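A.B. asks: This is the structure I have questions about; it appears just below.
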Amino acid sequence: MRRLLPLLLVVLLAGCGADERFVAIDDVPVRVDAVAATRDASTGTFSVDCGRNEARHLNADNMVIAPGTPFGAHHTHEYVGNLSTDHTSTDRSLAAASTTCAGGDLSTYYWPVLRLTDRGGHDGHAPGGGVHGNTGEVLPPAAVRVTFTGSPVGKVLPMPRFLRMITGDPAALTSGTGTAKWSCTGFEDRHTDRYPVCGAGRQVLRTYDFPSCWDGRNTDSASHRAHAVFPAANGVCPQGTFPMPKLRVRVAYDVPPERPFALDSFPEQDRDPRTDHAMSVNVMPDALTARIAACLNQGQTCG
């Protein structure tokens, strides 16, 4: 009976029949993504406490993709870190703002909100919300974890200040290039690009792994991706790029049992779980980025 429960929940969430966007976490295969570390690996870990957006910093802006454009995201973003982030943000304004992060980290980290879709939300008639097809009650994170790890094949350089990064593809439904990673607590060795049905007592997890190879020159590019890319499967950075700390943001949610949920998306992307994505802008002081790189290169656990 315990094995059948997640399958029954999939059917219940769909309303009638199975919803292919949902999968029981028991049906997701275990995956091992670790790359064997070489003798020169940077094996440390550095954690930054940025809270879980208790102040409810939300907006439908995207300063990386659509700077200067109000409601340019066409869906609502959840933020931790820099408290001023919106469509008007610049390097200078971010550097002058306050933050939810400890240790002087003024960076901004953001991703689409998650909603319970069986009830109305606060923005049912507002841009980013109902106007753009994103209905439902926004579910606040139960926990947010921001961590940096090193390279399995060498030492890392400090991240440059004001570096902009994207992970995931908000147009994955049509492009087919999404890298969404959904899971459940207790099943962190399994991840899927579908909405996970976790069962009682388990939290829904969203994991964002950011690029960790930098071109050594630019903090942004026309595509917002070419200057910061992912390493190859063996952990080696592409020619002309250099390893830097790998940023991971993991967000946990207490989704009530048997309640349907969905992330915000572009209207044409139909709130597909494969479209999950996140952005970051590094606004750490140079001393902190240097401390993170040193921690990773020395194989320490810091925060």
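A.B. asks: Starting from residues that are among the hydrophobic types (A, V, I, L, M, F, W, C) and free of Cβ contacts under 8 Å to residues at least 60 places away in the same chain, keep the ones in segment 201-223 and report whichever is nearest to residue 160 (Cα to Cα).
C.D. replies: Initially, segment 201-223 is screened for residues among the hydrophobic types (A, V, I, L, M, F, W, C), giving 204-205, 210, 213-214, 222.
Remaining after also requiring free of Cβ contacts under 8 Å to residues at least 60 places away in the same chain: 205, 213-214, 222.
On the way: 205: 29, 213: 12, 214: 9, 222: 18 Å.
By that ranking, first place goes to 214.
A.B. asks: Same structure again: Given the criteria crowded, with 17+ Cβ neighbours inside 10 Å and either over 19 Å from the mean Cα position of the chain (by Cα) or farther than 30 Å from residue 20 by Cβ (or both), does residue 160 qualify?
C.D. replies: Numbers: crowded, with 17+ Cβ neighbours inside 10 Å: yes; either over 19 Å from the mean Cα position of the chain (by Cα) or farther than 30 Å from residue 20 by Cβ (or both): yes.
In short, yes.
A.B. asks: Also, I was wondering about something else. For the subset of segment 194-222 comprising residues that are at pLDDT 95 or above and out of contact with any strand residue (DSSP E or B) (no Cβ under 7 Å at 6 or more places or on another chain), which member is farthest from residue 114 (Cα to Cα)?
C.D. replies: Among those residues, the one meeting the criterion is 217.
A.B. asks: From the list 72, 51, 81, 68, which residue is part of a strand (DSSP E or B) and at pLDDT 95 or above? Steps first, answer last, please.
C.D. replies: Numbers: 72 fails: part of a strand (DSSP E or B); 51 fails: part of a strand (DSSP E or B); 68 fails: part of a strand (DSSP E or B).
Just a single option satisfies the conditions, and that option is 81.
A.B. asks: I need the full set of residues from segment 217-249 which are in contact with an Asp or Glu (Cβ under 9 Å, 6 or more places away or on another chain), surrounded by 18 or more Cβ atoms within 10 Å (Cβ to Cβ) and not aliphatic (A, V, I, L, M), in order please.
C.D. replies: 219, 227, 241, 246, 248
A.B. asks: Looking at residue 109 and the list (1) assigned to a loop (DSSP other than H, G, I, E, B); (2) under 24 Å from residue 223 (Cα atoms); (3) hydroxyl-bearing (Ser, Thr, Tyr), which single condition is not satisfied?
C.D. replies: The failed condition is (1).
A.B. asks: Right, something else. Among the residues of segment 62-86, write down those that are among the hydroxyl-bearing types (Ser, Thr, Tyr), surrounded by fewer than 23 Cβ atoms within 10 Å (Cβ to Cβ) and within 20 Å of the chain's Cα centre (by Cα).
C.D. replies: Of everything in segment 62-86, just one residue is among the hydroxyl-bearing types (Ser, Thr, Tyr), surrounded by fewer than 23 Cβ atoms within 10 Å (Cβ to Cβ) and within 20 Å of the chain's Cα centre (by Cα), namely 84.
A.B. asks: Looking at (1) within 21 Å of residue 268 (Cα to Cα); (2) surrounded by fewer than 22 Cβ atoms within 10 Å (Cβ to Cβ); (3) of a type in the set (D, E, K, R); (4) touching an Asp or Glu at 6+ places or on another chain (Cβ under 8 Å), which is the only condition residue 115 fails?
C.D. replies: (2)
A.B. asks: Output the residues belonging to segment 87-105 that are crowded, with 18+ Cβ neighbours inside 10 Å and farther than 14 Å from residue 51 by Cβ.
C.D. replies: 89, 94, listed by residue number.
A.B. asks: For the condition modelled with pLDDT of 95 or more, of a type outside the set (A, V, I, L, M), more than 22 Å from residue 54 (Cβ to Cβ) and surrounded by fewer than 18 Cβ atoms within 10 Å (Cβ to Cβ), what is the one hit in 130, 150, 120?
C.D. replies: Of the residues listed, the single one that is modelled with pLDDT of 95 or more, of a type outside the set (A, V, I, L, M), more than 22 Å from residue 54 (Cβ to Cβ) and surrounded by fewer than 18 Cβ atoms within 10 Å (Cβ to Cβ) is 130.
A.B. asks: Kindly establish whether residue 262 is free of Cβ contacts under 8 Å to residues at least 12 places away in the same chain and surrounded by fewer than 23 Cβ atoms within 10 Å (Cβ to Cβ). Working first, answer last.
C.D. replies: Working: free of Cβ contacts under 8 Å to residues at least 12 places away in the same chain: no; surrounded by fewer than 23 Cβ atoms within 10 Å (Cβ to Cβ): yes.
It is false that residue 262 is free of Cβ contacts under 8 Å to residues at least 12 places away in the same chain and surrounded by fewer than 23 Cβ atoms within 10 Å (Cβ to Cβ).
A.B. asks: Which one of these is among the small types (Gly, Ala, Ser), modelled with pLDDT of 95 or more and more than 21 Å from residue 288 (Cα to Cα): 37, 96, 60? Break it down stepwise before answering.
C.D. replies: Values: 37 fails: modelled with pLDDT of 95 or more; 96 fails: more than 21 Å from residue 288 (Cα to Cα).
Step by step, each of 37, 96, 60 is checked, and only 60 is among the small types (Gly, Ala, Ser), modelled with pLDDT of 95 or more and more than 21 Å from residue 288 (Cα to Cα).
A.B. asks: Restricting segment 200-216 to residues that are assigned to a loop (DSSP other than H, G, I, E, B) and out of contact with any Asp or Glu (no Cβ under 8 Å at 6 or more places or on another chain), which is surrounded by the most Cβ atoms within 10 Å (Cβ to Cβ)? Walk me through how you get there before you give the answer.
C.D. replies: Within segment 200-216, the subset assigned to a loop (DSSP other than H, G, I, E, B) is 200-203, 210-212, 215-216.
Now restrict to residues that are out of contact with any Asp or Glu (no Cβ under 8 Å at 6 or more places or on another chain): 200-202, 210-212, 215-216.
Numbers: 200: 9, 201: 10, 202: 20, 210: 23, 211: 20, 212: 26, 215: 16, 216: 12.
The extreme case among them is 212.
The values are calculated or read from the model by the stated rules, or taken from the named source; none is laboratory data. Note that this is a predicted model, so its numbers are computed, not measured. Quick reminder, even Gly has a Cβ in these numbers, built from the backbone with ideal geometry, and neighbours come from all protein chains shown.
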